[in-house]
Amino acid sequence: MKKLSTYIIVMFAILFWGFRVVLTLMAQLGKDIMGIVPLNMTFEIILLFAFLLCIILIVKRKMLGGVLYLALYGVYFGGDITAKMMRISSGETLGVEQLGDLFFSVIGIILPLAVLIDLLLDKGRKEFPVDKKTDWFYKNEKFDREMDERADKNNYRTM
């Protein structure tokens, strides 16, 4: 994670996860936040724990983490988005609570998409990336040999 965009996307994903944790805890206590409730409590809890694995893989720049994150959130929030969009297209008006659910569901799809796009566009994601700033020193064997030969010639007398 060397780029600012990666830090920002991961930070927003963690903030959204924290919001989902608070939302789930409030739903377990019988309260809601602005009328927003989890879509499926069991799947929501599984999703919260799966996110921890996904975020570790994303920070380590593994493509599996981004794909898994998008797949899980796509399955969970995708059904809600399509159901609400079908209701809107049929002419039905949604209430404030349902629009809030739709808004956070769209955010739940946009964040994993942004993570996956960031992983795809990151050229330094490889296991052994080329870094021109330090490779001239660490990968220059000729320089190491010259230093070794010079060090061998310095024989000082000790008294």
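Worth pointing out:
- Estimated from the Cβ-Cβ distance and a Förster radius of 25 angstrom, the FRET efficiency linking I107 and A83 is about 0.90.
- For L102, the shell of other residues with beta-carbons less than 12 Å away shows a net charge of -1, using +1 for Lys and Arg and -1 for Asp and Glu.
- Loop-located trypsin sites (Lys or Arg not before Pro) in region 48-77 whose Cβ has at most 11 other Cβ within 10 Å (DSSP): K60
- Charge tally in the Cβ shell below 14 Å around E44, where Lys, Arg are +1 and Asp, Glu are -1, E44 excluded: -2
- Protein-only accessible surface order, largest first, of L47, L121, L72 at 1.4 Å: L121, L72, L47
- Protection proxy ranking of 12-19, 112-119, 90-97 - average other beta-carbon atoms within 10 Å, highest first: 112-119, 12-19, 90-97
- Spacing of the modelled spin labels on I33 and S90, each 7 Å from Cα toward Cβ, amounts to 3.0 nm.
- Förster radius 22 Å - calculated FRET efficiency between L4 and L120 (Cβ-Cβ, nearest 0.05): 0.80
The values are calculated or read from the model by the stated rules, or taken from the named source; none is laboratory data. All values reported here derive from a predicted model rather than from experimental measurement. Glycine gets a Cβ as well: all are built from the backbone with ideal geometry, and neighbour counts include every protein chain shown. SASA here: full protein model, heavy atoms, side chains in, ligands and nucleic acids out. Shrake-Rupley method; radii C 1.70, N 1.55, O 1.52, S 1.80 Å.
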